Amino acid sequence: MNFTVTTLGSSSAIPTATRNPTSLLVNMNYRYFLVDCGEGTQIQLRRFHFKIQKINHIFISHLHGDHFFGLIGLVSSFHLIGRKDALHLYGSPLLEEIITMQLKATETDLIYPLIFHTVDAEKPQLIYEDEERYVKSFPLKHSIPTTGFLFGEKERPRKMKKSFLATENVPVEEIPKIKAGADYINEAGVIFRNKDITISPPKPKKFAFCSDTAYHEPVIEEIHDVNLLYHEATFKSDLEQVAGEKLHSTAAQAATIAAKAKAGALVIGHFSARYRELDSLLQEAREIFPNTWLAEDGKIFYVRDLQ
Ligand SMILES: [Zn+2]
């Protein structure tokens with residue numbers, strides 16, 4: 001399955017000349033999920049040559065402006081370009097009030113359905129699923145109700161060995177059972193063990209998004225064994241106290257969470273505008289979790305199995 005994460009914005013509250021506020025685009029086998037929508041996100045999507053109409057689901061972690069001030073702009077653009085498909089928004093119950101008020105004030109009567117899904121910031125929740133994928137939310141520790149998101153592939157059926165299908169005339173109705181793990185008995189009574197006639201599917205992969213949050217060990221249970229973790233790293237360790245007061249994390253704390261969760265790889269982002277260069281944050285994280293990368297705007301990360 002094609003599974004990638006594109007950074008659209010890697011800055012914290014104040015954007016810089018090279019860093020937009022938070023937003024990520026998750027591609028799970030060509031189903032696109034937008035995670036947070038800071039100011040300018042729709043411009044970033046165009047800048048990186050993405051067709052915005054492909055987005056049907058937007059997840060908002062919390063209602064600090066740097067995570068959703070771009071949403072009404074994107075919702076409005078969809079209207080102006082003649083969108084027909086429903087757009088699903090996931091977030092705080094207040095999000096519906098805010099967007100509804102903005103549409104009312106601008107006398108915009110949307111020509112497409114806008115569907116709100118309330119996310120409970122108090123407990124983990126399954127908020128989306130289809131035949132191949134699911135999305136879960138889980139609580140983070142921040143100054144207002146905030147959730148992280150886990151994007152996961154579902155277990156796929158086993159694959160039939162071509163050599164087996166070529167030699168045995170398997171009735172069509174038996175195939176789904178074999179793919180689900182059953183043995184096969186032919187007309188002559190010969191038993192074929194499932195492991196001999198099928199191939200294991202690839203292990204399902206997971207990506208977790210944790211922004212914004214103070215160092216918060218309860219998230220480890222929610223994100224355990226993810227192939228890729230995005231964790232905020234607003235500050236360096238010399239400002240650990242400030243990070244604690246503002247309920248943000250340092251690069252070292254992000255790396256500690258990645259290590260304890262046994263993540264495959266870590267992407268750090270949500271950098272304070274005070275940092276012109278980010279290498280020192282990267283080095284700080286790599287001392288604890290070597291497979292760490294910077295979430296620079298436009299960069300694409302592959303969610304893959306490292307084993
Ligand atoms: Zn915040």
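The values are calculated or read from the model by the stated rules, or taken from the named source; none is laboratory data. It should be emphasised that the depicted structure is a prediction, and the values quoted were computed from it without experimental measurement. All Cβ positions, even for glycine, are placed from backbone atoms using ideal geometry, and neighbour counts span all protein chains on display. Areas reflect the complete protein model, heavy atoms only, side chains present, ligands, DNA and RNA absent. Shrake-Rupley method; radii C 1.70, N 1.55, O 1.52, S 1.80 Å.
Please report the antiparallel percentage of DSSP beta bridges with both residues in the chain, rounded to the nearest 5. Present the calculation step by step, with values, prior to reporting the outcome.
Numbers: 33 of 60 bridges.
So the antiparallel bridges amount to about 55 percent of the total.
If you average the sequence gap of Cα pairs under 8 Å that are 6 or more apart and divide by the length of the stretch 18-101, what percent do you get for the contact order? Don't skip to the end; give the middle numbers.
Numbers: 124 pairs, mean separation 23.9, N = 84.
Relative contact order comes out at 28 percent.
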Relative frequency of Cα-Cα separations exceeding 11 Å in the stretch 238-277, percent: 68 percent
Under 14 Å from LYS262, Cα to Cα: aspartates and glutamates that are on another chain or at least 8 residues apart: GLU217, GLU221, GLU222, ASP225, ASP305
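Within 10 Å, count the other beta carbons around each residue, average over each peptide in 83-91, 154-162, and list them highest first. Intermediate values should be presented prior to the final figure.
Details: 83-91: 18.3, 154-162: 13.0.
Peptide ranking by packing, descending: 83-91, 154-162.
How much length would be gained if the chain were fully extended between TYR112 and ILE300, taking 0.36 nm per residue of separation minus their Cα-Cα distance, in nm to one decimal? Numbers along the way, then the final one.
Values: separation 188, 0.36 × 188 = 67.68 nm, distance 3.01 nm.
Stretched fully, the TYR112-ILE300 segment lengthens by 64.7 nm.
Short version: what are the Cα gyration tensor semi-axes of the chain, square root of 5 times each eigenvalue, largest first, in whole Å?
Values: eigenvalues 296, 134, 54 Å².
Taking √(5λ) for each eigenvalue gives 38, 26, 16 Å, largest first.
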Gap separating the Cα centres of the stretch 186-256 and the stretch 277-307, nearest whole Å: 14 Å
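If I take R0 = 45 Å and measure r between the Cβ atoms of GLU97 and GLU187 in this structure, what FRET efficiency does the formula 1/(1 + (r/R0)^6) give, to the nearest 0.05?
Details: r = 65 Å, r/R0 = 1.44.
Efficiency, from the Cβ-Cβ distance: 0.10.
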GLU122-LEU80 pseudo-label distance in nm [points 7 Å out on the Cα-to-Cβ vector]: 4.1 nm
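So what is the relative contact order of the stretch 102-146, in percent, for Cα pairs below 8 Å that sit 6 or more residues apart?
Values: 38 pairs, mean separation 12.3, N = 45.
Reported relative contact order: 27 percent.
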Cα-only radius of gyration and Dmax that characterise the stretch 173-278, units Å: 22.8, 75
Accessible-area composition of the stretch 207-307, carbon plus sulfur, in percent [1.4 Å probe]: 50 percent
Reachable lysines from LYS195, criterion Cα separation under 26 angstrom, eight or more residues apart if same chain: LYS154, LYS159, LYS161, LYS162, LYS177, LYS179, LYS203, LYS205, LYS206
Cβ-based charge dipole, the chain, positive-most Cα from THR146, LEU114, VAL190: VAL190
In Å, descending, principal axis extents of the Cα set of the stretch 47-123: 36, 31, 21
